[in-house]
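Since the structure comes first, as structure tokens, the remarks are kept for the end.
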Amino acid sequence: MPRVAQREIDQRRRDITLLLRQRAYLPVAELCRRFNISEATARRDLAALSRGKSIVRTFGGAMADFDRRFAPFADRLTVAAEEKARIAQVAFRQISMGMTVFLDAGTTLYAVADLLARRPTAVRIVTNSLAVSERLAPCKGIEVDLLGGRLLTNQSVLLGPQACQAAGFYRFDLALLGAEGINARGVWNSTPDVVALQQAVVRQSTHHAVCADGSKIGKSAPTFLLTWSDVDMLITDAVLPGDLDVSTTRVLKA
């Protein structure tokens, strides 16, 4: 194959990988339209990227391998553990007996689940985190509901349209959410699937809080979640920079 043609193919495949990281999922038909290629060419590109572990093939398309791009859940539990424990203490104090509470799938929210397990309160916990559900399931007085969806084994999390649909069946008194980035514009997270579920949960919540340690401040992430005017509470250990206008948000310092 001529070198020019191969360079074009390599560049197109890099572009496909980048687009998937931004969009999380793309059907073959959209790849054909965006890159002006045939279905056969699109499938060859996806097969090559899948062999290189850049993406994961799905029926009729492909998705970015969010599950492999992040460290395993168990490894992330030890990162900034003290800061997450302080944030968890503040978040835990927002939970009252009889509440229906959504606990997100991040490690900070797992720290909240750990506190609940050690000090059981009669609440209903809804989550898409296998780790959270396993920690709380044996606890007397705590009812645990696990949302359905596509299982990402590395992250121990369930995501996708099924999880969003299931969230719509609940009314949450409180939702505790994680984030990958916080800056002047608002709150960001890692993929559209994660953000879609969080936004579905916020729509069903009386109150919600974003829980984020100092490493997330001043950063963005691939997918935008909420503007500050839409955030009820921010629970953080960080000193917020002056360009963050959080005047409409209740800030709880950990």
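The values are calculated or read from the model by the stated rules, or taken from the named source; none is laboratory data. What you see is a predicted model; the values in this text were computed from it and never measured. Counting neighbours? That spans all protein chains shown, and the Cβs are built from the backbone with ideal geometry, glycine included.
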Could you please let me know if Ala167 is among the aliphatic types (A, V, I, L, M), buried (at least 16 other Cβ atoms within 10 Å of the Cβ) and in contact (Cβ under 8 Å) with a residue 60 or more places away in the chain? yes
Would you confirm whether or not region 191-211 contains a residue that is small (Gly, Ala, Ser) and assigned to a loop (DSSP other than H, G, I, E, B)? no
Scan region 193-220 and report the pairs whose first residue is assigned by TED's automatic domain parsing to the domain that holds Val246 and among the aromatic types (Phe, Trp, Tyr) and whose second residue is part of a loop (DSSP other than H, G, I, E, B) and surrounded by 17 or more Cβ atoms within 10 Å (Cβ to Cβ), with Cβ atoms within less than 6 Å and a gap of 6+ or a chain change. none
Kindly indicate whether any position in region 149-160 is over 12 Å from the mean Cα position of the chain (by Cα), closer than 27 Å to Gly98 by Cα and either free of Cβ contacts under 8 Å to residues at least 40 places away in the same chain or surrounded by fewer than 22 Cβ atoms within 10 Å (Cβ to Cβ) (or both). yes
Exactly one of Ala91, Ala81, Ala85, Ala111 is within 19 Å of Pro138 (Cα to Cα) and not polar (S, T, N, Q), and that residue is Ala111
So, in region 4-36, exactly how many residues are under 19 Å from Asn189 (Cα atoms), modelled with pLDDT under 75 and surrounded by fewer than 14 Cβ atoms within 10 Å (Cβ to Cβ)? 1
Residue match in region 126-139 (condition: surrounded by fewer than 19 Cβ atoms within 10 Å (Cβ to Cβ), free of Cβ contacts under 8 Å to residues at least 12 places away in the same chain and part of a helix (DSSP H, G or I)): yes
Where the second residue is aromatic (Phe, Trp, Tyr) and at pLDDT 65 or above and the first is assigned by TED's automatic domain parsing to the domain that holds Cys32 and within 21 Å of Cys32 (Cβ to Cβ) and lies in region 1-14, which pairs have Cβ atoms under 9 Å and are six or more apart or on separate chains? Arg12/Phe35
Considering only region 177-190, state which residues are surrounded by 24 or more Cβ atoms within 10 Å (Cβ to Cβ) and part of a strand (DSSP E or B). Leu177, Ile182, Val187, Asn189
Across region 212-228, which residue is nearest to Gly242 (Cα to Cα) among those that are out of contact with any Phe, Trp or Tyr (no Cβ under 7 Å at 6 or more places or on another chain) and not in a loop (DSSP other than H, G, I, E, B)? Ile217
